[in-house]
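To start, the structure under review is shown below, and the notes come after it.
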Amino acid sequence: MAASLPILTFHTLDDQSSNVSFSPQVFRRGMARLHEKGYRTINLPEAIYLLRQGRPFPERSLVITFDDGYQTVYEEAFPILQRYNMSATVFLTVGEGGTTMAASLLPSLKGRSMLSWHNIRKMHQWGITFGAHTLTHPDLTRLPLDQTESEICDSKSIIEDALSAPVTCFAYPYGRHNDRIREIVRQHFDCACSDNFGLVTARSDLHSLERIDACYFRTDRLFGVILTRWFPSYIRARNIPLFVRRIFQKSSGR
């Protein structure tokens, strides 16, 4: 059994030069290597259950998440997840006042094509977990309280109504949150993912979970680090400049 758990974060699988892009080819080969080496995915609610019970994680386990709801999650990632019987959690930015009819698309982000509700329901039926990622993907720390509550709670309600299933997981847009926002989320969700870079452990805050952005593993060689004993050390080394930058941003009021 393992004392720590990586939550890998992807956004869109394409070959564009963008901080949210990840190569479909590297993803495909990476998932194949994980499967061949005996790694297994657990979904985020299962990980939270183990944390609440004070139980260790299965050896060679990880959580896969996708933020925003890009169309490539269905076109590129879903067939690979099905092939290797892998789970994932997809955090959806659902839009304001939109319809959840089958052909309707999530509102576009960064000019990209988004999932349709038909895609979402099909993945949900197969076993993919869906979480909330607000209505419009704002920086919640810059909103008044009533708008913050609407962004958080209304997004949850829309997904629950569309899937006839509870939504227990949330991801903060840009990973940004404060004590006030975290308390709102705590009242409505079992867990929430932040931009804190690291591995989840028994000491993790369930409403500010650490994740590992896949942008740090964009090549086959770097992705291979996940399969080695050096992976935790690599995470710690990568976290040093991120920690320094976060301290600087706080001190400068950004």
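In this structure, does His11 turn out to be open to solvent by 60 Å² or more (accessible area, probe 1.4 Å) and touching a Phe, Trp or Tyr at 6+ places or on another chain (Cβ under 8 Å)? In short, no.
Among the residues of the range 154-175, those that are open to solvent by 30 Å² or more (accessible area, probe 1.4 Å) and assigned to a helix (DSSP H, G or I) comprise Asp154, Lys156, Ser157, Ile158, Glu160, Asp161, Tyr174. Filtering the range 201-238 to residues that are more than 18 Å from Pro56 (Cβ to Cβ), among the polar types (S, T, N, Q) and either under 17 Å from the mean Cα position of the chain (by Cα) or not in a helix (DSSP H, G or I) (or both) leaves Ser208, Thr219, Thr228. Scanning the range 176-200 for residues that are open to solvent by less than 30 Å² (accessible area, probe 1.4 Å), out of contact with any Asp or Glu (no Cβ under 7 Å at 6 or more places or on another chain) and part of a loop (DSSP other than H, G, I, E, B) yields a single hit, Phe189. Taking interchain pairs and intrachain pairs at least six residues apart, which have beta carbon atoms under 8 angstrom, with the first residue in the range 45-59 and modelled with pLDDT of 95 or more and aromatic (Phe, Trp, Tyr) and the second buried (at least 20 other Cβ atoms within 10 Å of the Cβ) and not in a helix (DSSP H, G or I)? So the pair list comes out as Phe57/Leu5.
Could you check the range 57-89 and list, in sequence order, the residues that are in a strand (DSSP E or B) and in contact with a His (Cβ under 9 Å, 6 or more places away or on another chain)? Steps first, answer last, please.
The first filter runs over the range 57-89 and keeps only residues in a strand (DSSP E or B), leaving 57, 61-68, 70, 89.
Result: Phe66, Asp67, Asp68, Tyr70.
In the range 207-233, the residues that are closer than 30 Å to His188 by Cα reach residues that are among the basic types (Lys, Arg) and open to solvent by less than 50 Å² (accessible area, probe 1.4 Å) with C-beta atoms within less than 6 angstrom, at least six apart or across chains, in these pairs: His207/Arg182.
The values are calculated or read from the model by the stated rules, or taken from the named source; none is laboratory data. Keep in mind the model is a prediction, meaning the values are calculated, not measured. Note: ideal-geometry Cβ built from the backbone for every residue, glycine included; neighbour counts use all protein chains shown. Surface areas here come from the heavy atoms of the whole protein model, side chains and all, with no ligands, DNA or RNA. Shrake-Rupley method; radii C 1.70, N 1.55, O 1.52, S 1.80 Å.
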